[in-house]
Protein chains: 2
Amino acid sequence: VSTKPNLAPPSGSRDFLPEEVAERQRVLAIVRATFARHGFQPMDTPAFERVETLTGKYGEEGEKLIFKILKRGEQAATGEADLALRYDLTVPGMRMIAANRHKLPRVFKRYAMGPVWRADRPGKGRFREFWQCDVDILGAASHLADVEVLLALAGVLDAVDFPGFEIRLNSRKVLAGMMTRYGVPAERAGAVVIAIDKLDKIGMAKLGEELDAIGLPPGVATALHRDLGAADLPDLLAERLAADPVGAAGIAEVRAIVAATQPVLPRGAVRFEPLLARGLDYYTGAIFEFFALDLRAAIAGGGRYDGLNAMFAGKPEPVCGGSLGLERILMVLAERAKTEAEPPLVYVTVWDQDGRADALSLVQDLRRGGVMAEVDLTGGALGRQLQAAHDRKARFALIRGPDERAKDLVQLKDLVSGEQRAVARDAVVSAAMRG
Amino acid sequence: VSTKPNLAPPSGSRDFLPEEVAERQRVLAIVRATFARHGFQPMDTPAFERVETLTGKYGEEGEKLIFKILKRGEQAATGEADLALRYDLTVPGMRMIAANRHKLPRVFKRYAMGPVWRADRPGKGRFREFWQCDVDILGAASHLADVEVLLALAGVLDAVDFPGFEIRLNSRKVLAGMMTRYGVPAERAGAVVIAIDKLDKIGMAKLGEELDAIGLPPGVATALHRDLGAADLPDLLAERLAADPVGAAGIAEVRAIVAATQPVLPRGAVRFEPLLARGLDYYTGAIFEFFALDLRAAIAGGGRYDGLNAMFAGKPEPVCGGSLGLERILMVLAERAKTEAEPPLVYVTVWDQDGRADALSLVQDLRRGGVMAEVDLTGGALGRQLQAAHDRKARFALIRGPDERAKDLVQLKDLVSGEQRAVARDAVVSAAMRG
């Protein structure tokens with residue numbers, strides 16, 4: 001009894017048909033060119049890392065989502081894993097940069113593009129295999145580096161003509177200052193920040209409940225809840241945090257980045273969003289999110305994570321970076337227009353068995369001339385071959401029977417207009433290219 | 001006690017520095033364009049497949065090399081695997097084509113490019129993560145399809161200007177005919193073919209021993225050993241196999257492909273090589289190998305594997321295809337010349353804190369004009385910034401102090417000649433592009 005094999009790709013992963021590959025390649029080429037134009041240099045790491053390279057970096061929730069690879073050979077039976085698929089491009093990138101630090105300039109701008117894997121519950125725009133496109137700057141503490149990251153990411157969205165988005169900016173220092181000024185005990189600060197980060201989704205009423213549940217000193221939850229709902233929260237915070245050195249530094253940082261970015265940003269606005277927290281533990285300064293207005297979701301995010309590289313390198317260095325979520329961007333672009341897989345320009349028919357060598361010679365001459373061309377492999381009658389040429393959306397079909405061969409001619413049939421004309425055999429490449 | 005982390009990529013995998021990524025991207029772009037010019041359309045499948053999609057396809061030796069992925073969550077403790085990294089692009093491609101057969105034309109030419117993973121012992125030019133570039137033609141039984149596969153692969157080697165190679169061609173039918181004509185029992189044929197396939201490496205004396213060890217009827221090993229060493233083996237076999245229908249069909253197939261390919265091949269010769277067997281079980285007709293003469297190794301291989309798609313689809317169809325080994329090709333090309341990571345054309349210096357906004361505006365104007373440009377992030381004195389510009393191999397540095405700002409000028413410093421001249425601020429993009 002043979003069971004019917006499951007032909008679908010594994011849950012959360014996808015197959016891509018030619019037109020889908022074409023659209024991905026088109027957008028990836030734009031991302032690559034934009035990152036390069038901004039002075040970033042490409043780096044690649046393997047799909048898998050040693051398990052210990054990835055563990056202890058993403059927090060408990062993140063770590064559960066790592067795909068682990070069984071040991072091979074006799075050790076497979078132990079059920080142990082020694083390798084894991086990369087969860088993002090940041091941690092492998094830090095490992096690689098640490099290994100090659102001496103070969104790289106003091107200020108180093110890298111980009112990385114590739115698939116990452118997370119055993120997340122699949123959903124709309126959320127996959128288990130998905131692409132990230134990252135830029136990172138190592139060795140620059142100046143807020144100009146944060147600005148450069150924002151400009152590179154915004155440059156991509158501009159180049160692909162992505163519809164409405166805004167850049168939401170905050171600093172971990174603003175959040176730290178808030179915790180101090182509102183009297184949140186250090187051991188409760190994490191829980192409060194997580195609750196605040198969710199305000200967008202849960203609303204003010206639910207936020208109040210969550211703050212109450214954390215168990216803060218009397219009055220703290222109430223004061224936070226009152227102020228977080230204020231319409232002029234950015235100004236209110238700027239005033240409140242002026243007396244806290246960390247908080248004040250955060251406010252200054254955010255203002256400097258907004259001021260520097262806004263005049264040179266191709267499109268989109270930068271907005272101070274004091275409630276933005278970003279999940280990952282490792283951020284230390286400015287954090288940001290590119291928020292797509294129609295999609296109501298983030299399409300890019302990042303921030304400054306000074307010292308993260310010290311996990312791998314002896315010496316902590318300033319680092320900042322950001323990541324574009326390619327899948328969501330493609331999802332939005334797909335709603336607008338389809339990229340067609342490039343059709344062949346010329347379809348060379350085969351007159352009969354004896355005409356095969358001649359047809360091959362024709363198709364190869366076209367290809368050598370840079371023309372996308374294919375030769376009929378259906379082996380059917382001429383009418384059927386022309387139908388196959390139509391199905392392939394070819395612009396021209398070439399026909400060459402004994403008469404044409406005797407006269408050194410080729411029939412060039414325009415498959416759009418239906419017109420057909422004879423051209424000299426040795427002029428066929430230029431005739432096809434002229435159209 | 002903190003132990004020093006291991007910074008190397010996992011055994012058999014590699015990190016790629018900017019100039020290495022640039023070279024890989026350059027060659028991959030050529031492969032993609034060449035396959036497209038030959039009328040092949042791109043398809044992509046995920047990095048992993050369900051374990052059962054891959055098992056039972058590659059033979060015992062191959063199957064041992066598959067990287068398997070542990071189940072997640074609570075099931076991780078079972079030590080069981082449900083997913084596996086793809087071992088090649090062929091089997092996942094057949095699964096995907098079967099799932100989408102109704103959307104594809106009857107004769108379908110696909111290409112696929114991407115990494116595959118094998119837990120092989122790493123060695124020179126042999127990795128555990130490596131790229132393959134495949135072309136396959138589904139639905140065409142004609143030898144023209146085999147020829148088209150050869151032409152597409154040869155087209156890539158021609159386009160990258162790969163040095164000397166030859167195409168070794170055989171047919172599984174020739175091997176089958178040999179087994180019949182020399183009286184090899186069916187149950188011993190596999191062992192004999194494997195021994196013959198190794199002749200290149202082991203030599204005639206050792207081949208004799210191997211044939212003797214297989215346990216063939218009296219005289220069979222001796223006859224095989226004598227004829228396989230003949231200088232005119234192709235002619236000798238053509239004569240010997242004439243009386244065997246399968247063998248004769250194989251000889252005719254090989255001859256037809258040589259005759260059709262040779263006149264239109266951009267470079268390289270096609271040679272009938274009756275000892276070529278190719279490891280994989282699934283080949284049914286023509287098989288081939290692109291052999292690099294300097295490297296003494298195969299850089300591409302493939303053949304006809306009619307019916308392999310029936311593993312996934314209900315109905316067997318004619319299929320043929322081939323695969324380029326990107327890593328070996330890159331290894332050979334790397335010995336010849338290095339691709340430089342593209343340096344930024346313009347490095348914009350920052351005069352002082354007050355000059356930052358101005359510098360950002362300059363660098364963004366350049367990028368919008370299509371110029372690869374970066375702004376100084378070292379924050380050092382001008383001399384140090386110019387040194388950084390040199391280190392990045394920039395062609396020009398831009399300098400703009402208070403004087404230049406007052407006069408709406410920019411100093412354009414040629415970092416090759418050392419010359420410096422003032423240009424109007426709004427002419428800076430064209431000045432940089434003119435050089």
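The values are calculated or read from the model by the stated rules, or taken from the named source; none is laboratory data. Quantities reported herein were computed from a predicted structural model and do not represent experimental measurements. Cβ: placed from backbone, ideal geometry, glycine included. Neighbour counts: every protein chain shown. Note: accessible area is taken over every heavy atom of the protein model, side chains too, but ligands, DNA and RNA are not part of it. Shrake-Rupley method; radii C 1.70, N 1.55, O 1.52, S 1.80 Å.
Here are the numbers:
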{"quantity": "Selection within the stretch B:170-187 - under 11 Å from B:Ala249 (Cβ atoms) and in contact with a helix residue (DSSP H, G or I) (Cβ under 6 Å, 6 or more places away or on another chain)", "calculated": "B:Ser171, B:Lys173, B:Val174, B:Ala176, B:Gly177"}
{"quantity": "Identity of the residue in the stretch A:48-57, open to solvent by 20 Å² or more (accessible area, probe 1.4 Å) and more than 7 Å from chain B (Cβ to nearest Cβ), that ends up nearest to B:His390 (Cα to Cα)", "calculated": "A:Lys57"}
{"quantity": "Members of the stretch A:266-288 found to be farther than 14 Å from A:Gly164 by Cα and in contact with a Gly (Cβ under 8 Å, 6 or more places away or on another chain), listed by number", "calculated": "A:Arg278, A:Gly279, A:Leu280, A:Asp281, A:Tyr283, A:Thr284, A:Gly285, A:Ala286, A:Ile287, A:Phe288"}
{"quantity": "Residue match in the stretch A:38-51 (condition: touching a residue at least 60 places away in the same chain (Cβ under 8 Å) and aliphatic (A, V, I, L, M))", "calculated": "yes"}
{"quantity": "Flag if A:Leu366 is in contact with a Ser or Thr (Cβ under 9 Å, 6 or more places away or on another chain), open to solvent by less than 50 Å² (accessible area, probe 1.4 Å) and within 13 Å of chain B (Cβ to nearest Cβ)", "calculated": "no"}
{"quantity": "Verdict on A:Gly355 being open to solvent by less than 20 Å² (accessible area, probe 1.4 Å), under 20 Å from A:Glu253 (Cα atoms) and in contact with a Lys or Arg (Cβ under 9 Å, 6 or more places away or on another chain)", "calculated": "no"}
{"quantity": "Per-region count, the stretch A:284-312, residues under 13 Å from A:Thr90 (Cβ atoms), more than 20 Å from the chain's Cα centre (by Cα) and surrounded by 19 or more Cβ atoms within 10 Å (Cβ to Cβ)", "calculated": "3"}
{"quantity": "Residue list for the stretch A:116-136, restricted to those being in a strand (DSSP E or B) and among the acidic types (Asp, Glu)", "calculated": "A:Glu129, A:Asp134, A:Asp136"}
{"quantity": "Test: residue in the stretch B:340-350 that is open to solvent by less than 10 Å² (accessible area, probe 1.4 Å), assigned to a loop (DSSP other than H, G, I, E, B), of a type outside the set (Val, Ile, Thr) and closer than 17 Å to A:Val107 by Cα", "calculated": "yes"}
{"quantity": "Tally, over the stretch A:9-48, of residues that are of a type outside the set (A, V, I, L, M, F, W, C) and within 16 Å of B:Met43 (Cα to Cα)", "calculated": "11"}
{"quantity": "Output for the stretch B:54-65, where each listed residue is within 27 Å of B:Arg32 (Cα to Cα) and free of Cβ contacts under 8 Å to residues at least 60 places away in the same chain", "calculated": "B:Leu54"}
{"quantity": "Residue in the stretch B:156-164 that is open to solvent by 10 Å² or more (accessible area, probe 1.4 Å) and more than 30 Å from A:Val21 (Cβ to Cβ) present", "calculated": "yes"}
{"quantity": "A:Gly12, sole failed condition from (1) more than 7 Å from chain B (Cβ to nearest Cβ); (2) open to solvent by less than 20 Å² (accessible area, probe 1.4 Å); (3) modelled with pLDDT under 95", "calculated": "(3)"}
{"quantity": "Selection within the stretch B:369-387 - in a helix (DSSP H, G or I) and either free of Cβ contacts under 8 Å to residues at least 24 places away in the same chain or at the interface with chain A (Cβ under 7 Å from one of its Cβ atoms) (or both)", "calculated": "B:Gly383, B:Arg384, B:Gln387"}
{"quantity": "Filter result for A:Glu273 (charged (D, E, K, R), within 19 Å of the chain's Cα centre (by Cα) and buried (at least 16 other Cβ atoms within 10 Å of the Cβ))", "calculated": "no"}
{"quantity": "Which listed residue, of B:Thr90, B:Thr45, is at the interface with chain A (Cβ under 7 Å from one of its Cβ atoms), buried (at least 19 other Cβ atoms within 10 Å of the Cβ) and β-branched (Val, Ile, Thr)", "calculated": "B:Thr45"}
{"quantity": "Count of the stretch B:313-335 residues which are open to solvent by 60 Å² or more (accessible area, probe 1.4 Å) and either in contact (Cβ under 8 Å) with a residue 60 or more places away in the chain or under 19 Å from B:Pro105 (Cα atoms) (or both)", "calculated": "4"}
{"quantity": "Complete set of residues in the stretch B:173-231 that are in contact with a Lys or Arg (Cβ under 6 Å, 6 or more places away or on another chain) and either in contact (Cβ under 8 Å) with a residue 60 or more places away in the chain or exposed (fewer than 15 other Cβ atoms within 10 Å of the Cβ) (or both)", "calculated": "B:Arg181"}
{"quantity": "Helices (runs of 4 or more DSSP H) within the stretch B:205-272 that include 1 or more residues out of contact with any strand residue (DSSP E or B) (no Cβ under 7 Å at 6 or more places or on another chain) and more than 25 Å from A:Asp354 (Cα to Cα)", "calculated": "B:220-228, B:233-241"}
{"quantity": "Residue check for A:Thr3: at pLDDT below 95 and either touching a strand residue (DSSP E or B) at 6+ places or on another chain (Cβ under 8 Å) or more than 24 Å from B:Phe16 (Cβ to Cβ) (or both)", "calculated": "yes"}
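Condition check ((1) facing chain B (nearest Cβ under 7 Å); (2) crowded, with 23+ Cβ neighbours inside 10 Å) across all residues:
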{"position": "A:Lys4", "(1), (2)": "no, no"}
{"position": "A:Leu17", "(1), (2)": "yes, no"}
{"position": "A:Arg26", "(1), (2)": "no, no"}
{"position": "A:Ala33", "(1), (2)": "no, no"}
{"position": "A:Ala36", "(1), (2)": "yes, no"}
{"position": "A:Phe67", "(1), (2)": "yes, yes"}
{"position": "A:Glu80", "(1), (2)": "no, no"}
{"position": "A:Leu83", "(1), (2)": "yes, yes"}
{"position": "A:Met94", "(1), (2)": "no, yes"}
